[in-house]
Amino acid sequence: MVRRDINLKFDNKKKIIDVKIVFYGPALSGKTTTLKYLFQKFGKLDKIKSINTTTGRTLFFDFGIIKLKGIEWDVKFLIYSTTGQDYYAITRPTTLQGADGIIFVADSFVESFNRNLVSWRELASLYGEKLLKMPIVCNFNKQDLLRKFNFYEFLEKIFFEKYKSFAFFKTIALLGDGVVNSFKKIIELIFPGLIINQISI
Ligand SMILES: Nc1nc2c(ncn2[C@@H]2O[C@H](COP(=O)(O)OP(=O)(O)OP(=O)(O)O)[C@@H](O)[C@H]2O)c(=O)[nH]1
Ligand SMILES: [Mg+2]
């Protein structure tokens, strides 16, 4: 089993575990759309708090909570998306603070290849070696587009094999394809050994 620094927050009295998951990636890759699909799926769309520009772009972050009831413990997922706009880049480390898992949303449009890489490298530089043990799921989003890059080329560029707790999915956030599965996967990576058959609230 992979060992990593554990910073999950346990409330022993209330029997609640807080888990922070952050959607990260370049501008307009589909982070907010992915998060919204997830919350809509759980009937919690109205529970998202977004700090947006007037044009609907993420200014600081989107934030929402999904609660899962267990037999002994409840898990509270605190879910954030960062802003992809470089003008607001200063907010990204703050949003990442204390993350237990990261879903990297890549834009699969062929001309976005390098923007994904720049965003990944920024993430890597913010974490340093610690990123190697961080649970990460990479969503290759916008799979509905005709002109996509080969995602294996991206995986090779980031040397994905060195990441100890890593998975990737093809997603279409607009339709929700792959979104729930990638969310389940990040939970499994955060709680190694746990297999999630069904997520319920
Ligand atoms: N074709 C296609 N478009 C998508 C998909 N997911 C998101 N989009 C579109 O991409 C644009 C940007 O989506 P957002 O979810 O706002 O992207 P973001 O990553 O949150 O952007 P920032 O917050 O500005 O960093 C919107 O027009 C979405 O409708 C997808 O799977 N396929
Ligand atoms: Mg956004």
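Values quoted throughout were computed directly from the atomic coordinates according to the rules given, and no laboratory measurement underlies them. Just so it is clear, the model here is predicted, and its values are computed rather than measured. Counting neighbours? That spans all protein chains shown, and the Cβs are built from the backbone with ideal geometry, glycine included.
Within the set F169, F159, the sole residue that is under 26 Å from K36 (Cα atoms) and not polar (S, T, N, Q) turns out to be F169.
The residues listed here are F61, F113, F77; of these, the one that is within 16 Å of ligand 2 (Cβ to nearest atom) and out of contact with any Pro (no Cβ under 9 Å at 6 or more places or on another chain) is F61.
Taking each residue of the range 54-81 that is touching a residue at least 40 places away in the same chain (Cβ under 8 Å) and under 21 Å from I17 (Cβ atoms) and looking for partners that are crowded, with 17+ Cβ neighbours inside 10 Å and of a type in the set (G, A, S) with beta-carbon atoms closer than 7 Å, six or more apart or interchain, yields I79/G64.
Restricting attention to the range 111-149, the residues that are closer than 14 Å to F160 by Cα and small (G, A, S) add up to 1. Within the range 166-192, track down each residue that is surrounded by fewer than 19 Cβ atoms within 10 Å (Cβ to Cβ), assigned to a loop (DSSP other than H, G, I, E, B) and touching a residue at least 12 places away in the same chain (Cβ under 8 Å). Once the filter is applied, which keeps residues that are surrounded by fewer than 19 Cβ atoms within 10 Å (Cβ to Cβ), assigned to a loop (DSSP other than H, G, I, E, B) and touching a residue at least 12 places away in the same chain (Cβ under 8 Å), the range 166-192 yields L174, L175, G176, P192. Just one of the numbered conditions (1) among the small types (G, A, S); (2) touching a residue at least 40 places away in the same chain (Cβ under 8 Å); (3) more than 17 Å from F183 (Cα to Cα); (4) more than 9 Å from ligand 1 (Cβ to nearest atom) is not true of G84: (4). When the criteria are applied in full, F154 fails the requirement of being more than 26 Å from I51 (Cβ to Cβ) and in contact with a Ser or Thr (Cβ under 7 Å, 6 or more places away or on another chain). Only a single item in (1) over 21 Å from T95 (Cα atoms); (2) among the aliphatic types (A, V, I, L, M); (3) surrounded by fewer than 15 Cβ atoms within 10 Å (Cβ to Cβ) is not met by L126, and it is number (1).
Quick check on the range 31-58: of everything there that is of a type in the set (A, V, I, L, M, F, W, C) and buried (at least 16 other Cβ atoms within 10 Å of the Cβ), which residue is farthest from ligand 2 (Cβ to nearest atom)? Among those that are of a type in the set (A, V, I, L, M, F, W, C) and buried (at least 16 other Cβ atoms within 10 Å of the Cβ), it is F42.
Among the residues of the range 144-165, those that are in a loop (DSSP other than H, G, I, E, B) and at negative phi comprise D144, L145, L146, R147, F149, N150, I158, Y163, K164, S165. Close contacts from the range 18-38, counting a first residue that is closer than 13 Å to Q85 by Cβ and a second that is of a type in the set (K, R) and within 9 Å of ligand 2 (Cβ to nearest atom), with Cβ to Cβ under 6 Å and a gap of 6+ residues or different chains, come to G25/K31.
Filter the range 86-122 down to the residues that are surrounded by 16 or more Cβ atoms within 10 Å (Cβ to Cβ), farther than 24 Å from E153 by Cβ and of a type outside the set (F, W, Y) and list them by number. Result: T91, R92, T95, L96, A99, D100, G101.
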